[in-house]
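Asks: Before we start, here is the structure in question, set down as structure tokens.
The values are calculated or read from the model by the stated rules, or taken from the named source; none is laboratory data. These figures come from a predicted structure and were not determined experimentally. Glycine also receives a Cβ, built like all others from the backbone with ideal geometry; neighbour counts cover every protein chain displayed.
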Amino acid sequence: MRSRPWYHWLAFGGGSGLSPILPGTVGTLAAIPLYLLLTLVVQNDVVYTLVLVTMITVGPWLCGLTAREIQNGDSGKRALDPPAIVWDEWVGLLLTLWLVPFSGWTLLVGFLLFRFFDMLKPWPISWLDKQVHGGTGIMLDDIAAAIPALIILRLMLWAGWL
């Protein structure tokens, strides 16, 4: 078995994206410990925001390079967004929960909302997914899925439903 570069480990969400079943969902679940570390241990919105911005900034390079490298060794159909790459799901979950007060309910509902929008890909998320390629495209559809998830989560909090 060929050894992979260190940045593949990051793009694969610590290996969670290599799950044979629902790699995006497993990858999103694997982001929860980072979220809990930032929310419950660090407890600093500025640090959380800096981590999120750093992940968004590094994401196009990381995801694009990893996608190109893993597809070069694949003689089959080339995926524009390989399922094993889940860095974008990590960013999506962190963005969905950005500056949202922590509770088990907000985590659960935020997770479900993000997965709903990421899997269903309503317009304009579907348009972005089809039109924007490479590392930027890999990242952009998940960022776009996180935005309505964050808005709905905040509205639910504002309405007192959570």
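Asks: Show the residue pairs meeting these rules: Cβ distance below 9 Å; 6+ apart or different chains; first residue within segment 128-156 and touching a residue at least 40 places away in the same chain (Cβ under 8 Å) and on the phi > 0 side of the Ramachandran plot; second residue basic (Lys, Arg) and assigned to a helix (DSSP H, G or I).
Replies: Qualifying pairs under 9 Å: Gly134/Arg68.
Asks: Go through segment 121-139 and count every residue that is assigned to a helix (DSSP H, G or I) and under 18 Å from Gly110 (Cα atoms).
Replies: So the count comes out to 1.
Asks: Which of the residues belonging to segment 18-34 are surrounded by fewer than 19 Cβ atoms within 10 Å (Cβ to Cβ), under 10 Å from the mean Cα position of the chain (by Cα) and part of a loop (DSSP other than H, G, I, E, B)?
Replies: Selection gives nothing.
Asks: Hey, another quick one. Here are some residues: Asp129, Asp81, Asp74. Which one is surrounded by fewer than 18 Cβ atoms within 10 Å (Cβ to Cβ) and at pLDDT below 95?
Replies: Every option except Asp74 fails the conditions.
Asks: Let me confirm something: among Gly104, Gly15, which residue is among the small types (Gly, Ala, Ser), out of contact with any Asp or Glu (no Cβ under 9 Å at 6 or more places or on another chain), more than 18 Å from Asp141 (Cα to Cα) and exposed (fewer than 14 other Cβ atoms within 10 Å of the Cβ)?
Replies: Of Gly104, Gly15, the one residue that is among the small types (Gly, Ala, Ser), out of contact with any Asp or Glu (no Cβ under 9 Å at 6 or more places or on another chain), more than 18 Å from Asp141 (Cα to Cα) and exposed (fewer than 14 other Cβ atoms within 10 Å of the Cβ) is Gly104.
Conditions (1) at pLDDT 95 or above; (2) assigned to a loop (DSSP other than H, G, I, E, B), marked per residue:
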site	(1), (2)
Cys63	yes, no
Thr66	yes, no
Ile70	no, no
Val91	yes, no
Pro101	yes, yes
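Asks: Hey, another quick one. Quick one: in segment 133-149, of everything that is farther than 18 Å from Ala11 by Cβ and surrounded by fewer than 20 Cβ atoms within 10 Å (Cβ to Cβ), which residue is nearest to the chain's Cα centre (by Cα)?
Replies: Looking at residues that are farther than 18 Å from Ala11 by Cβ and surrounded by fewer than 20 Cβ atoms within 10 Å (Cβ to Cβ), I get Ile147.
Asks: Give the residues of segment 35-49 that are surrounded by fewer than 16 Cβ atoms within 10 Å (Cβ to Cβ) and either touching a residue at least 12 places away in the same chain (Cβ under 8 Å) or among the aliphatic types (A, V, I, L, M) (or both), sorted by residue number.
Replies: Leu36, Leu37, Leu40, Val41, Val42, Asp45, Val46, Val47, Thr49
Asks: Hey, Ile151 hits all of (1) over 26 Å from Ile21 (Cβ atoms); (2) among the β-branched types (Val, Ile, Thr); (3) in a helix (DSSP H, G or I); (4) touching a helix residue (DSSP H, G or I) at 6+ places or on another chain (Cβ under 6 Å) but one; which does it fall short on?
Replies: The one condition Ile151 does not meet is (4).
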